[in-house]
1. Which condition number does Ser146 fail, the rest of (1) under 24 Å from Leu288 (Cβ atoms); (2) of a type in the set (Gly, Ala, Ser); (3) over 20 Å from the mean Cα position of the chain (by Cα) being met?
2. Checking Glu32 against (1) in a helix (DSSP H, G or I); (2) closer than 18 Å to Asp204 by Cβ: exactly one of these is not met. Which one?
3. Sort through Leu44, Leu106, Leu114 and tell me the only one that's of a type outside the set (S, T, N, Q) and crowded, with 23+ Cβ neighbours inside 10 Å.
4. Filter segment 116-140 for residues that are β-branched (Val, Ile, Thr) and under 20 Å from Gly167 (Cβ atoms) and give the result.
5. Going residue by residue through segment 70-89, is there one that turns out to be of a type in the set (Ser, Thr, Tyr) and under 18 Å from the mean Cα position of the chain (by Cα)?
6. Test Tyr181 against the criterion of being under 23 Å from Ile72 (Cα atoms), of a type in the set (Ser, Thr, Tyr) and surrounded by fewer than 19 Cβ atoms within 10 Å (Cβ to Cβ), and give yes or no.
7. Residues to consider are Leu188, Leu126, Leu151; find the one that is free of Cβ contacts under 8 Å to residues at least 12 places away in the same chain, of a type outside the set (Lys, Arg) and at negative phi.
8. All but one of (1) touching a residue at least 60 places away in the same chain (Cβ under 8 Å); (2) assigned to a helix (DSSP H, G or I) hold for Phe55; which doesn't?
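The values are calculated or read from the model by the stated rules, or taken from the named source; none is laboratory data. Being a predicted model, the structure only gives us computed values, none of them experimental. When we count neighbours, we look across all protein chains shown, and the Cβ atoms used for this are built from the backbone with ideal geometry, even at glycine.
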Amino acid sequence: MLNFIRAYRYQIALHITVFVWGFTGILGKLIEVPYYSIVWYRMLIAAFGLLVYAFITKTTLRIGFKKMALFILVGFIVGAHWSTFFQALKVSNVSVVLTTLASASLFVALLEPLFFKRKIILYELLFGLAVIIGLSLIFNFESQYSLGIILALCSAFLAALFSTINGLLIRNDKARVITFYEMIGGVLGISIYTLVNENPTIADFSPELLDVFYLLVLGVICTAVAFVVSVQVMKELSPFTVSISINMEPIYAIILALIFFGDSEQMTPGFYLGALIIFSTVIGNAVLKSIQKRKKRKAETT
């Protein structure tokens, strides 16, 4: 058992993180303040949590100006991803939004070869096409949530973009440092966006006591801790593998949503067929990646 855990510790850590992320949609529905307030508090709490962690462990967060500017810029993308995600939750439901987010694997399959300068892998594109088919079924059978689906697709593309970039950044820098400055960048980005495009009031940033608790869970556990782990595992796992594994998030979230929200999360058979097609890409990728690793080890030992 211990040998199994050691051998697959990165995959196990990733799937625990994905399960934790499954609560994000639930919290986004439960929190009453506007989406931009949720994102602002989420990233601010996460940044503060990482700062406290660095102080306790006596580790430095100091980096050069160019790297800081780059991490902050990526944080703008992260902030935009979460903004569209929480907007989608406000106009749709948890099941539709998180299932649509599984399309991130398609975007990663297209972006990763550009960033990592490798050839496009055929089966990744086939999985991406399967995701499109699944999404088209969901869109046709759940057309009342069309705005939420479109916002979730935008969120998926942004998630694919920053995940792929982080796959490069983690080669030279520590996950907690990258995450800290990305959270700072997200706070700056959502602050500028809110001031320019929204009409925020003090009430928008004055959550009730229960919302404060939800925001702390969202900021510390679902963001700071989970985001650091998700970046850290990229030292061993490819962005596509991480992205395809994150497709398990809707499965966890749908189960949780049915528990928390009941009838409002009941969907048509067409939705579940589309979701099944999307989730099958997770299993397919895991099987193919496992076969490839075994072949590679066998070739190295012969």
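1. Of (1) under 24 Å from Leu288 (Cβ atoms); (2) of a type in the set (Gly, Ala, Ser); (3) over 20 Å from the mean Cα position of the chain (by Cα), only one is false for Ser146: (1).
2. (1)
3. Working: Leu44 fails: crowded, with 23+ Cβ neighbours inside 10 Å; Leu114 fails: crowded, with 23+ Cβ neighbours inside 10 Å.
After ruling out the rest, the residue left standing is Leu106.
4. So the first thing to find is which residues in segment 116-140 are β-branched (Val, Ile, Thr), and the list is 120-121, 131-133, 138.
Hits for segment 116-140 are Ile120, Ile121, Val131.
5. Here is the first cut: in segment 70-89, the ones of a type in the set (Ser, Thr, Tyr) are 83-84.
So of that shortlist, the ones also under 18 Å from the mean Cα position of the chain (by Cα) come out as 83-84.
Yes, because at least one residue in segment 70-89 is of a type in the set (Ser, Thr, Tyr) and under 18 Å from the mean Cα position of the chain (by Cα).
6. Values: under 23 Å from Ile72 (Cα atoms): yes; of a type in the set (Ser, Thr, Tyr): yes; surrounded by fewer than 19 Cβ atoms within 10 Å (Cβ to Cβ): no.
In short, no.
7. Just one listed residue meets the conditions, Leu126.
8. Exception for Phe55: condition (1).
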